[in-house]
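Derivation of every value follows stated rules applied to the coordinates shown; laboratory data play no part. This structure is a prediction, so every number in the text was calculated from the model and none was measured. No Cβ is skipped: glycine too gets one built from the backbone with ideal geometry, and neighbour counts run over all protein chains shown.
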Amino acid sequence: MDPGKKKDIISWSHSKVHGLESFNSFARFLVEKKFIVLLTFAALVLLFFFWAYVKLLAAMSFFIVLAAVSMLYNRWIKISVGVELIMLGLVITSIAFGRLPGLIVGIIGLFMAEIISERFTYSTFVSFIGIAVVAVIAPNVFQWTSHSITAAGIILTIIYDAIIIPGYLILGSNIGRSAFFVVTHIIFNIWVFSFIAPLLFKVVRIF
């Protein structure tokens, strides 16, 4: 290495950091940057005291988006296939955070999914009833199943289908299409609650 460059590097490495030369310079730096410092400090304090709410809102937002996107295929496939992730978010949120957050996730998730897929009809309100029931009883079912998210999710899926199908049939839904939905819905959610839900549930509870 060139002796001159080496000398410059050594000189730079031993020079004092601007703004941190002394306590007075550090205090001056804080005053000059007080807005950024105060904003950062306030954000850290709020995060510390309201972490539970931040986590709740983050989890709810995640499951709502997941629910809405999961039914996007309905824009092109007109057959009612029971492939959706609304039940996943509804059950996990209801158990991990409470009935009201679960209800909000379920209703908004389904609402957004139906709007995006352009399939929102008056009969959709039947599904809202099923979502409300699942949100209310999910914590109890979780306890009855010895805190098994897999068992609770499968049982709640069956209960949900048992509630909504009579309503859809009364409103003129085809029996064959309804049966197809139930079969695919239960099979898909058995897979979801067996392999995806346990991992997501652990992540949600850890944070």
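Rounded to whole Hz and in sequence order, give me ³J(HN,Hα) for the range 165-173 from the Karplus expression 6.51 cos²θ - 1.76 cosθ + 1.60, θ = phi - 60°, writing x for Gly and Pro.
4, x, x, 5, 5, 4, 7, x, 5
Sort 129-136, 166-173 for me by packing, meaning the mean count of neighbouring Cβ atoms within 10 Å per residue, highest on top.
Working: 129-136: 19.9, 166-173: 13.2.
Ranking, from highest mean packing down: 129-136, 166-173.
GluC sites (Glu not before Pro) within the range 61-121: which are DSSP loop residues with at most 13 other Cβ atoms inside 10 Å? Kindly include the intermediate steps, with their values, before the conclusion.
Details: sites: E84, E114, E118; in loops: E84, E118.
Answer in residue order: E118.
Per residue of the range 100-107, what does 6.51 cos²θ - 1.76 cosθ + 1.60 with θ = phi - 60° give for ³J(HN,Hα)? Whole Hz please, x for Gly and Pro, Karplus curve as stated.
Calculated HN-Hα couplings, in order: 5, x, x, 4, 5, 4, x, 5 Hz.
In the range 76-154, what chymotrypsin sites (Phe, Trp or Tyr not before Pro) fall in a loop by DSSP, with at most 12 other Cβ atoms inside 10 Å?
W76, Y122
Per residue of the range 117-128, what does 6.51 cos²θ - 1.76 cosθ + 1.60 with θ = phi - 60° give for ³J(HN,Hα)? Whole Hz please, x for Gly and Pro, Karplus curve as stated.
Calculated HN-Hα couplings, in order: 7, 6, 10, 6, 10, 5, 5, 4, 5, 4, 5, 4 Hz.
From a point 7 Å beyond the Cα of R177 in the direction of its Cβ, which residues of the range 75-109 have a backbone N at a distance under 14 Å?
In the range 75-109, the label zone of R177 (backbone N under 14 Å from the point 7 Å along Cα→Cβ) covers 75-82.
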